[in-house]
Amino acid sequence: MAEDGTRTEAGGGGGPLPERDILEGFDRLIAADRLFGADLDSSNLKKSGKGTPFLVRRHPSHHRMLAHWRELFANRVTPQGLLDALAPEVLGLVHGDGLLLFGKERVLYDCQIVRGQEAVGHLTLSFYREREPVFRFLPFPRRPGRRIVYIEGISLSSQSTGYASSLFRHYERLFHGLGFHRFRLKASLSVGKYYWAKEGFDCEDRVQFREMREKLLALVRNLGLPVEEQEVRRLNHASMVATFRRDLQVPVYRNEDGYYATARDARHSEEFRFPLGKAFLLCADPWDGYKVIYTDTPRRTGLVWSEGYLDHESRPGHPESPKRLEALENAIREEGMRESLIFLEPYIPAMESLHAVHDPAYLEAFRQAVARGDRHFAVRDCAISEGSYEAALLAAGGVMAGIDAVLSDRADNAFCAVRPPGHHAGRSSAMGFCFVNNVAAGALYARSAYGVERIYILDWDVHHGNGTQALFDEDPLTFFCSLHEHPSFCYPGTGRRLEKGRGAGLGATLNVPLSPHAGDRELLEAFEREVVPSIEAFRPGLILLSAGFDAHRDDPIAGLECTEAAYVHMTRRILELADRHCEGRVVSVLEGGYRTESLVSSAIAHIKTLQGREGSPCSSARG
Ligand SMILES: [Zn+2]
């Protein structure tokens, strides 16, 4: 692979490559019309998408190009090696027409992003080395400072959700390996329908970081705000940036390069009102990040959501439609909940982590069915469209993003508003609108990535979570409990009391079937009588919820008659149990719920209860 090639070139023997190799590399790219000079207008560059950001010229002299190369890349990579490494295939997208452009102070990489034969986007990076004064108070002489990669611009069509996150993760490793100190978004960027926060405070070292933090804390203390300070291990993509409480603003001062400081000085002179609700991003080391965040609910609840989940389309009249999530998203906005939720961005997971759940051949068959343009996969009720494969992977990655946030304590708990749902999907089987078992993928990820040993999955979707049950049938450390309408009356026809797990997992499965027309009273009695004691006895390190809302009395697809009150009660009790056993760690994953109104009202009540508000006299809620 290109990346490994670069590593070998970069790291092999530790020393720089011979200059002759670099010069030959320039000549080959010049002959192939892939290397030019460029006149840059940095003010123009910031306006991504407006006009031509640079004028392409004949390449500068070899002497100058070599001087650039030495300073930026320390001759650790050849020009072709760099082009190869910058253009990995990610999610079926490749780079076309990749060019290297030598400007006065920087080297640019410019390319089209291509799917098949079609250009679906555009990317421009610039490699730059800061100059810093040798003497602190004199502008000259100057010596080379930090190496920085700027994303000057990226645009992508909406079908490419997850691409930028995956590409930037690859780039982070690559640039770190090449000796760069920073990888920065130059300005606010629209990545498809994503919006990446642009404001941040950069700090050059830990001392400066601590000073900045003190100032920030003083600032929020003066404003009388409760502040949660979060340290995150790595700042790798926008999921680390939370936005809420935009109404609170503090004055900040911007310099010419678009960096901000909390106090005015000679360089930082332009005053702005900075929304405090935007998380403060503080970089102490080039690849570490810190942020200070604020929320006004008793618990910090993360919300996983992506427009990418709407790209999975079913056929007209199919109950599992994108409208479900559109309506939920609208309601979250209308309820004014956006400000108090920590938005978490899902990502496309590594295939290995999905192979822990599903047969690779099964996932490949699913991918191919989508690529062929099939209308359904495996069974007729599993309708698919062009965006289904990516949406399904993103749904599993959404649960992982929720787990990341909760287990790294960026959120107390999380609700993952994902689709397609997952709890009917088995190791090699799609059924019941499900393709990838999201909650199972999350459980195995929590175990492999964070070492969580004992995981309790409660599935209160009205349908039995047969896929999840089968995946953990023999696993004594993953307890699966399902509350559902009795299998004699309801899809998928499994989930009888006799199903209690197998082998070593015997006893770690609990099925609680309910009679048709059972309502809140019957459900909650069973919940208190059987589910609560089983959680107490199991002592989980993490609780996952397969939260379908189709047991609601208005839901058309099954026969239970529950209300929002049942979901509120169960949520509150689960939080109490989680407080007792696992520091409140609950990650809730949307499954079914097919009447838009009842899905939305139930999910909103559930999320508000996760936040510790909305008729939630939960004594153990932490403030
Ligand atoms: Zn269901």
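Just subtract the alpha-carbon distance of A350 and E313 from 0.36 nm times their residue separation and send over the number in nm, one decimal.
11.0 nm
For F489 and S155, what does the FRET efficiency come to when R0 = 41 Å and r is the distance between their Cβ atoms, rounded to the nearest 0.05?
Computed FRET efficiency for F489 and S155: 0.20.
Please report the net charge: other residues with Cβ closer than 9 Å to the Cβ of I557, K and R +1, D and E -1.
-1
For the stretch 403-453, which trypsin sites (Lys or Arg not before Pro) pass both filters: DSSP loop (anything but H, G, I, E, B) and at most 16 other C-beta atoms within 10 Å?
Counting only loop positions with at most 16 other Cβ atoms within 10 Å, the trypsin sites (Lys or Arg not before Pro) in the stretch 403-453 are R427.
Test of understanding: what is the full-extension gain from E528 to A266, defined as 0.36 nm times their sequence separation minus their Cα-Cα distance?
87.9 nm
Using a 1.4 Å probe, what is the accessible area per residue for the stretch 319-452, in Å²?
32
If you stretched the chain out fully between E71 and L23, how much longer would it get, using 0.36 nm times the residue separation minus the C-alpha to C-alpha distance?
Gain in length upon complete extension: 15.8 nm.
Pull up all non-local amide H partners of D459: gap of 5 or more, or a different chain, and H-to-H distance under 5 Å with H placed in the peptide plane.
Amide H to amide H, under 5 Å and 5 or more residues apart or across chains, D459 pairs with C481, S482, L483, S546.
Pull out a ≥ b ≥ c, the square roots of the eigenvalues of the alpha-carbon gyration tensor of the stretch 373-507, then state rounded if a/c is under 1.5, prolate if not and a/b is larger than b/c, and oblate in the remaining case.
The shape class here is oblate.
Report the equivalent ellipsoid semi-axes for the stretch 563-604 in whole Å, largest first, defined as the square roots of five times the eigenvalues of the gyration tensor built from alpha carbon atoms.
Equivalent ellipsoid of the stretch 563-604: 24, 11, 6 Å, largest first.
Net charge near F480: determine it from the other residues with C-beta under 13 Å of the C-beta of F480, scoring Lys and Arg +1 and Asp and Glu -1.
In short, -3.
Specify which residue in the list P476, G465, Y445 is farthest towards the positive end of the charge dipole of the stretch 442-487, using unit charges on the beta carbon of Lys, Arg (+1) and Asp, Glu (-1), about the Cα centre.
With unit charges placed on the Cβ atoms, the residue in question is Y445.
How many Å³ per residue does the convex hull of the Cα positions in the stretch 292-446 occupy?
Per-residue hull volume (Cα only) is 104 Å³.
In the stretch 318-377, which trypsin sites (Lys or Arg not before Pro) are in a loop and have at most 16 other Cβ atoms within 10 Å, using DSSP for the loop call?
Sites meeting the loop and neighbour criteria: R375.
If you take every residue apart from Q112 with its C-beta less than 12 Å away from the C-beta of Q112, what net charge results, scoring Lys and Arg +1 and Asp and Glu -1?
With Lys, Arg at +1 and Asp, Glu at -1, the net is -2.
Magnitude of the Cβ-charge dipole of the stretch 74-118, K/R +1 and D/E -1, about the Cα centre, nearest 20 debye?
For this selection, approximately 200 debye.
How big is the equivalent ellipsoid of the stretch 494-607 along its three axes, where each semi-axis is √(5λ) from the Cα gyration tensor, reported in whole Å from largest to smallest?
23, 18, 12
The values are calculated or read from the model by the stated rules, or taken from the named source; none is laboratory data. Predicted, not measured: the structure shown is a model, and the values here were computed from it. Neighbour counts are summed over all protein chains in view; Cβ atoms, including those assigned to glycine, are modelled from backbone coordinates with ideal geometry. Each accessible area value is taken on the protein alone, full model and side chains, heavy atoms only, with ligands, DNA and RNA left out. Shrake-Rupley method; radii C 1.70, N 1.55, O 1.52, S 1.80 Å.
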